[in-house]
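Written out below as C-alpha coordinates is the structure these notes cover.
The values are calculated or read from the model by the stated rules, or taken from the named source; none is laboratory data. Quick caveat: nothing in here was measured; it's all calculated off a predicted structure. Cβ atoms come from the backbone with ideal geometry, glycine included; neighbour counts cover every protein chain shown. Accessible surface is based on the protein model in full, side chains and every heavy atom, while ligands, DNA and RNA are left aside. Shrake-Rupley method; radii C 1.70, N 1.55, O 1.52, S 1.80 Å.
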Amino acid sequence: MMKSSLLAALCLTVTNLHAIVLSPDTIQVSGHRQPEAIPQAVLGVGADIGSQPTSFPFWENIGTVGMGTGLYLGNGWVLTSAHVGCLPFQLSDGSCYRPIKGTWHVMVNPDGSKSDLALFRVDEDGEMSALRRLPDVPLSTAGVESKTPVILVGTGYVEMEVREEGPVRFGIQQRTTREKRWALATTDEVSQPAATRGGYKTHCFATTFREKASGGQAAEGDSGGAAFIFDAETQKWKLAGCIFAVSQLSGFVPYGARTYVGDLTMYSAQIVERMSDTAK
(Lines give C-alpha, C1' and ligand atoms only; values in the text may rest on other atoms or scores of the structure.)
Protein backbone atom coordinates (compact mmCIF):
# COMPACT_ATOMS: atom_id res chain seq x y z
CA MET A 1 0.00 0.00 0.00
CA MET A 2 1.05 3.53 -0.39
CA LYS A 3 -0.52 6.95 -0.63
CA SER A 4 -0.52 10.54 -1.80
CA SER A 5 0.02 14.10 -0.62
CA LEU A 6 -1.01 16.40 2.18
CA LEU A 7 -0.59 19.98 3.35
CA ALA A 8 -1.50 20.18 7.05
CA ALA A 9 -3.14 22.67 9.35
CA LEU A 10 -6.78 23.64 9.68
CA CYS A 11 -7.32 22.65 6.07
CA LEU A 12 -5.38 19.44 5.64
CA THR A 13 -4.86 18.58 2.01
CA VAL A 14 -3.99 15.06 0.91
CA THR A 15 -3.73 13.65 -2.55
CA ASN A 16 -5.87 10.81 -3.72
CA LEU A 17 -4.46 7.29 -3.50
CA HIS A 18 -3.36 4.47 -5.53
CA ALA A 19 -1.46 -0.87 -2.53
CA ILE A 20 0.12 -1.33 0.62
CA VAL A 21 3.87 -1.22 0.91
CA LEU A 22 5.41 -3.17 3.75
CA SER A 23 8.35 -2.63 6.05
CA PRO A 24 11.29 -5.02 5.39
CA ASP A 25 10.46 -7.16 8.44
CA THR A 26 6.83 -7.43 7.39
CA ILE A 27 7.75 -8.74 3.94
CA GLN A 28 9.25 -11.75 5.67
CA VAL A 29 6.17 -12.22 7.87
CA SER A 30 3.16 -11.69 5.62
CA GLY A 31 3.78 -10.68 2.01
CA HIS A 32 0.54 -10.94 0.06
CA ARG A 33 -0.82 -13.92 1.97
CA GLN A 34 -4.25 -13.85 3.57
CA PRO A 35 -4.11 -12.90 7.29
CA GLU A 36 -5.75 -16.14 8.41
CA ALA A 37 -4.29 -16.09 11.91
CA ILE A 38 -3.06 -12.90 13.52
CA PRO A 39 -1.46 -13.19 16.97
CA GLN A 40 -3.05 -11.04 19.65
CA ALA A 41 0.40 -9.94 20.73
CA VAL A 42 0.86 -8.28 17.34
CA LEU A 43 -2.56 -6.67 17.51
CA GLY A 44 -1.88 -5.40 20.98
CA VAL A 45 -5.43 -6.16 22.14
CA GLY A 46 -4.41 -8.03 25.27
CA ALA A 47 -4.92 -11.49 26.68
CA ASP A 48 -8.63 -11.08 27.37
CA ILE A 49 -9.53 -12.33 23.88
CA GLY A 50 -7.77 -15.64 24.39
CA SER A 51 -4.43 -17.12 23.52
CA GLN A 52 -5.23 -18.45 20.04
CA PRO A 53 -4.54 -16.41 16.88
CA THR A 54 -7.48 -14.35 15.65
CA SER A 55 -9.04 -15.45 12.36
CA PHE A 56 -9.68 -12.72 9.75
CA PRO A 57 -12.75 -13.63 7.62
CA PHE A 58 -13.00 -10.78 5.07
CA TRP A 59 -9.94 -11.22 2.86
CA GLU A 60 -11.98 -12.30 -0.18
CA ASN A 61 -14.37 -9.34 0.24
CA ILE A 62 -11.63 -6.97 -0.93
CA GLY A 63 -11.18 -6.53 -4.68
CA THR A 64 -10.30 -3.97 -7.32
CA VAL A 65 -12.40 -1.09 -8.66
CA GLY A 66 -10.65 0.32 -11.73
CA MET A 67 -7.28 1.68 -10.59
CA GLY A 68 -8.39 1.53 -6.95
CA THR A 69 -9.79 -0.87 -4.37
CA GLY A 70 -13.29 -1.76 -3.19
CA LEU A 71 -14.82 -3.71 -0.32
CA TYR A 72 -17.89 -5.91 -0.74
CA LEU A 73 -20.20 -5.21 2.21
CA GLY A 74 -22.99 -7.63 1.28
CA ASN A 75 -26.29 -7.69 -0.66
CA GLY A 76 -24.56 -6.40 -3.79
CA TRP A 77 -23.04 -3.27 -2.19
CA VAL A 78 -19.43 -2.14 -2.64
CA LEU A 79 -17.70 0.57 -0.59
CA THR A 80 -14.85 2.55 -2.15
CA SER A 81 -13.31 6.01 -2.26
CA ALA A 82 -15.37 8.52 -4.25
CA HIS A 83 -12.42 9.60 -6.40
CA VAL A 84 -11.94 5.99 -7.57
CA GLY A 85 -15.27 6.15 -9.40
CA CYS A 86 -18.18 3.84 -10.14
CA LEU A 87 -16.49 1.02 -12.08
CA PRO A 88 -16.73 -2.79 -12.25
CA PHE A 89 -15.74 -4.62 -9.07
CA GLN A 90 -13.37 -7.57 -9.53
CA LEU A 91 -12.60 -10.30 -6.98
CA SER A 92 -9.36 -12.24 -6.56
CA ASP A 93 -10.79 -15.17 -8.56
CA GLY A 94 -11.15 -12.91 -11.59
CA SER A 95 -14.94 -12.66 -11.49
CA CYS A 96 -16.16 -9.17 -12.39
CA TYR A 97 -19.43 -7.40 -11.47
CA ARG A 98 -20.89 -4.37 -13.23
CA PRO A 99 -22.36 -1.43 -11.29
CA ILE A 100 -26.14 -1.03 -11.34
CA LYS A 101 -27.13 2.31 -12.85
CA GLY A 102 -28.39 4.89 -10.38
CA THR A 103 -26.91 3.27 -7.24
CA TRP A 104 -23.74 5.40 -6.96
CA HIS A 105 -23.91 7.41 -3.74
CA VAL A 106 -21.26 9.73 -2.29
CA MET A 107 -21.43 10.04 1.49
CA VAL A 108 -21.94 13.55 2.87
CA ASN A 109 -20.81 15.35 6.00
CA PRO A 110 -23.07 17.00 8.60
CA ASP A 111 -22.65 20.35 6.78
CA GLY A 112 -23.78 18.81 3.48
CA SER A 113 -20.33 18.77 1.85
CA LYS A 114 -19.26 15.61 0.05
CA SER A 115 -16.79 13.14 1.52
CA ASP A 116 -14.32 10.99 -0.42
CA LEU A 117 -16.29 7.83 0.44
CA ALA A 118 -18.88 6.27 -1.85
CA LEU A 119 -21.14 3.27 -2.17
CA PHE A 120 -22.58 1.50 -5.20
CA ARG A 121 -24.43 -1.71 -5.96
CA VAL A 122 -23.32 -4.34 -8.47
CA ASP A 123 -25.19 -7.02 -10.37
CA GLU A 124 -24.52 -10.17 -8.34
CA ASP A 125 -24.75 -12.31 -11.49
CA GLY A 126 -27.10 -15.09 -10.39
CA GLU A 127 -27.42 -17.54 -7.51
CA MET A 128 -24.02 -19.13 -8.18
CA SER A 129 -22.19 -15.81 -7.96
CA ALA A 130 -18.96 -15.75 -5.94
CA LEU A 131 -20.33 -12.63 -4.23
CA ARG A 132 -23.14 -14.64 -2.65
CA ARG A 133 -20.58 -16.82 -0.87
CA LEU A 134 -18.92 -13.87 0.85
CA PRO A 135 -19.83 -12.86 4.42
CA ASP A 136 -21.58 -9.60 5.22
CA VAL A 137 -19.18 -7.09 6.76
CA PRO A 138 -20.20 -5.53 10.11
CA LEU A 139 -19.55 -1.82 10.55
CA SER A 140 -17.90 -0.34 13.61
CA THR A 141 -19.99 2.48 15.09
CA ALA A 142 -18.11 3.02 18.36
CA GLY A 143 -15.42 5.31 16.99
CA VAL A 144 -11.69 4.71 16.67
CA GLU A 145 -9.48 6.04 19.42
CA SER A 146 -5.83 6.98 19.00
CA LYS A 147 -3.35 4.07 19.37
CA THR A 148 -5.88 1.49 18.16
CA PRO A 149 -4.39 -1.45 16.17
CA VAL A 150 -5.98 -1.83 12.72
CA ILE A 151 -5.53 -4.08 9.69
CA LEU A 152 -5.15 -2.21 6.39
CA VAL A 153 -6.05 -4.10 3.19
CA GLY A 154 -5.68 -2.81 -0.37
CA THR A 155 -4.90 -3.84 -3.94
CA GLY A 156 -2.40 -1.16 -4.95
CA TYR A 157 1.26 -1.00 -5.86
CA VAL A 158 3.86 -2.68 -3.67
CA GLU A 159 7.45 -2.11 -2.54
CA MET A 160 10.52 -2.54 -4.71
CA GLU A 161 13.53 -1.91 -2.50
CA VAL A 162 14.73 -0.40 0.74
CA ARG A 163 16.49 2.93 0.27
CA GLU A 164 19.51 3.09 2.55
CA GLU A 165 22.28 5.55 3.38
CA GLY A 166 24.85 3.88 5.56
CA PRO A 167 23.10 1.98 8.35
CA VAL A 168 19.98 4.18 8.18
CA ARG A 169 16.83 3.18 6.30
CA PHE A 170 14.69 6.06 5.15
CA GLY A 171 11.75 4.26 3.57
CA ILE A 172 10.50 2.08 0.72
CA GLN A 173 10.45 2.56 -3.06
CA GLN A 174 7.20 1.68 -4.82
CA ARG A 175 7.14 -0.42 -7.98
CA THR A 176 4.45 -0.59 -10.66
CA THR A 177 3.11 -4.02 -9.67
CA ARG A 178 -0.23 -4.46 -7.95
CA GLU A 179 -1.11 -7.10 -5.35
CA LYS A 180 -3.69 -7.51 -2.65
CA ARG A 181 -1.84 -6.86 0.59
CA TRP A 182 -2.48 -6.45 4.29
CA ALA A 183 -0.49 -4.80 7.04
CA LEU A 184 -0.92 -3.85 10.67
CA ALA A 185 -0.89 -0.22 11.77
CA THR A 186 -1.81 1.96 14.74
CA THR A 187 -4.18 4.91 14.54
CA ASP A 188 -3.32 8.57 15.06
CA GLU A 189 -5.60 11.55 15.49
CA VAL A 190 -6.06 14.00 12.59
CA SER A 191 -7.29 17.59 12.33
CA GLN A 192 -10.84 17.32 10.96
CA PRO A 193 -11.88 17.08 8.24
CA ALA A 194 -9.14 16.25 5.71
CA ALA A 195 -9.56 17.94 2.32
CA THR A 196 -8.58 16.22 -0.93
CA ARG A 197 -8.67 17.09 -4.62
CA GLY A 198 -12.15 17.23 -6.11
CA GLY A 199 -13.57 19.28 -3.26
CA TYR A 200 -13.88 16.31 -0.89
CA LYS A 201 -13.75 16.73 2.89
CA THR A 202 -13.57 13.52 4.89
CA HIS A 203 -13.69 12.88 8.62
CA CYS A 204 -10.89 10.44 9.22
CA PHE A 205 -8.14 8.91 11.30
CA ALA A 206 -4.58 8.23 10.15
CA THR A 207 -1.85 5.63 10.57
CA THR A 208 1.92 6.27 10.40
CA PHE A 209 4.45 4.13 8.49
CA ARG A 210 7.12 2.75 10.83
CA GLU A 211 10.08 0.44 10.26
CA LYS A 212 8.75 -2.42 12.35
CA ALA A 213 7.43 -5.94 11.96
CA SER A 214 3.95 -6.12 10.43
CA GLY A 215 4.00 -2.41 9.58
CA GLY A 216 2.69 -1.02 6.29
CA GLN A 217 1.55 2.09 4.44
CA ALA A 218 -1.09 2.66 1.75
CA ALA A 219 0.16 3.40 -1.76
CA GLU A 220 -1.09 4.07 -5.26
CA GLY A 221 -4.05 1.79 -5.98
CA ASP A 222 -5.11 1.43 -2.34
CA SER A 223 -7.79 4.12 -2.45
CA GLY A 224 -11.03 2.45 -1.41
CA GLY A 225 -9.16 -0.12 0.68
CA ALA A 226 -10.31 -1.16 4.13
CA ALA A 227 -9.27 -0.66 7.74
CA PHE A 228 -10.54 -3.26 10.22
CA ILE A 229 -10.44 -3.32 14.02
CA PHE A 230 -10.93 -6.29 16.34
CA ASP A 231 -13.78 -5.86 18.83
CA ALA A 232 -12.59 -7.71 21.93
CA GLU A 233 -16.07 -7.59 23.50
CA THR A 234 -17.87 -9.30 20.61
CA GLN A 235 -14.79 -11.24 19.46
CA LYS A 236 -15.36 -10.06 15.88
CA TRP A 237 -13.56 -8.07 13.22
CA LYS A 238 -15.41 -4.90 12.20
CA LEU A 239 -14.93 -2.39 9.40
CA ALA A 240 -13.72 0.91 10.87
CA GLY A 241 -12.75 2.89 7.79
CA CYS A 242 -12.04 3.29 4.09
CA ILE A 243 -8.61 4.41 2.80
CA PHE A 244 -8.71 7.57 0.67
CA ALA A 245 -5.33 9.35 0.79
CA VAL A 246 -1.65 9.25 1.76
CA SER A 247 0.98 11.83 2.61
CA GLN A 248 3.80 10.78 0.27
CA LEU A 249 4.18 12.76 -2.94
CA SER A 250 5.89 10.25 -5.23
CA GLY A 251 6.87 6.60 -5.62
CA PHE A 252 9.15 6.81 -2.59
CA VAL A 253 7.41 6.16 0.73
CA PRO A 254 9.41 7.57 3.67
CA TYR A 255 9.06 6.31 7.19
CA GLY A 256 6.73 8.71 8.94
CA ALA A 257 4.35 8.84 5.96
CA ARG A 258 0.67 8.66 6.84
CA THR A 259 -2.33 6.75 5.50
CA TYR A 260 -5.66 8.60 5.76
CA VAL A 261 -8.75 6.52 6.46
CA GLY A 262 -12.35 7.75 6.33
CA ASP A 263 -13.89 7.18 9.77
CA LEU A 264 -17.10 5.16 9.35
CA THR A 265 -18.33 6.39 12.71
CA MET A 266 -19.39 9.48 10.76
CA TYR A 267 -20.84 7.66 7.75
CA SER A 268 -22.14 4.24 8.88
CA ALA A 269 -25.72 5.50 9.32
CA GLN A 270 -25.78 6.65 5.68
CA ILE A 271 -24.40 3.31 4.52
CA VAL A 272 -27.01 1.35 6.47
CA GLU A 273 -29.82 3.61 5.26
CA ARG A 274 -28.74 3.36 1.62
CA MET A 275 -28.42 -0.43 1.75
CA SER A 276 -31.76 -0.78 3.53
CA ASP A 277 -33.69 1.48 1.09
CA THR A 278 -32.70 -0.53 -1.94
CA ALA A 279 -33.10 -3.88 -0.23
CA LYS A 280 -36.86 -3.37 0.13
- Query: Once the piece of chain linking S113 and T234 is laid out straight, how much longer is it, given 0.36 nm per residue of separation minus the C-alpha distance between them?
  - Reply: 40.2 nm
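Relative contact order of the stretch 52-276, please, whole-number percent, based on alpha carbon pairs below 8 angstrom and at least 6 residues apart.
Values: 574 pairs, mean separation 49.9, N = 225.
Rounded, it is 22 percent for the stretch 52-276.
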- Might you report the magnitude of the Cβ-based charge dipole of the stretch 52-276 about its Cα centre, with Lys and Arg at +1 and Asp and Glu at -1, to the nearest 20 debye? 240
- Message: Could you report the accessible area of R274 in Å², rounded to 10, computed with a 1.4 Å probe on the protein chains as they sit in the structure?
- Response: 70
- Query: Can you pull the accessible area of V84 for me, 1.4 Å probe, Å² to the nearest 10?
  - Reply: 20
- Based on Cβ point charges of +1 for Lys and Arg and -1 for Asp and Glu, what charge dipole magnitude is obtained for the stretch 177-280 about its Cα centre, in debye rounded to the nearest 20? 220
- Ranked from the most accessible area to the least, with a 1.4 Å probe and all protein chains present, what is the order of M266, M67, M275? M67, M266, M275
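Which value, in Å², gives the accessible area per residue of the stretch 52-276 when a 1.4 Å probe is used on the protein heavy atoms? Show your work: numbers first, answer last.
Values: 9210 Å² over 225 residues.
Per-residue accessible area for the stretch 52-276 comes out at 41 Å².
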- Packing-based ranking, highest mean first, of 99-108, 189-198 given that Cβ atoms within 10 Å are counted: 189-198, 99-108
- For the stretch 52-276, report the translational diffusion coefficient in µm²/s to the nearest whole number, using Stokes-Einstein at 4 °C, 1.567 mPa s, and a Kirkwood Rh over Cα pairs. 73
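For the stretch 195-241, with all protein chains present and a 1.4 Å probe, just round the carbon and sulfur fraction of the accessible area to a whole percent.
Working: 670 of 1540 Å².
Answer for the stretch 195-241: carbon and sulfur cover 43 percent of the accessible area.
Quick one: length gained pulling L249 to E179 fully straight, 0.36 nm per residue minus the C-alpha distance? Walk me through the numbers before you get to the answer.
Details: separation 70, 0.36 × 70 = 25.20 nm, distance 2.07 nm.
So the chain would gain 23.1 nm between L249 and E179.
If each residue of separation counts as 0.36 nm, what is the full-extension length gain between I100 and R132 once their alpha-carbon separation is subtracted? Write down the numbers at each step before the final one.
Working: separation 32, 0.36 × 32 = 11.52 nm, distance 1.64 nm.
Extra length available between I100 and R132 comes to 9.9 nm.
Among E220, E233, what's the order by accessible area (1.4 angstrom probe), most exposed first? Walk me through the numbers on the way to the answer.
Numbers: E220 55, E233 170 Å².
Heavy-atom accessible area, descending, gives E233, E220.
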- Message: Which order do you get for T80, T186 if you rank them by accessible area with a 1.4 Å probe, largest at the top?
- Response: T186, T80
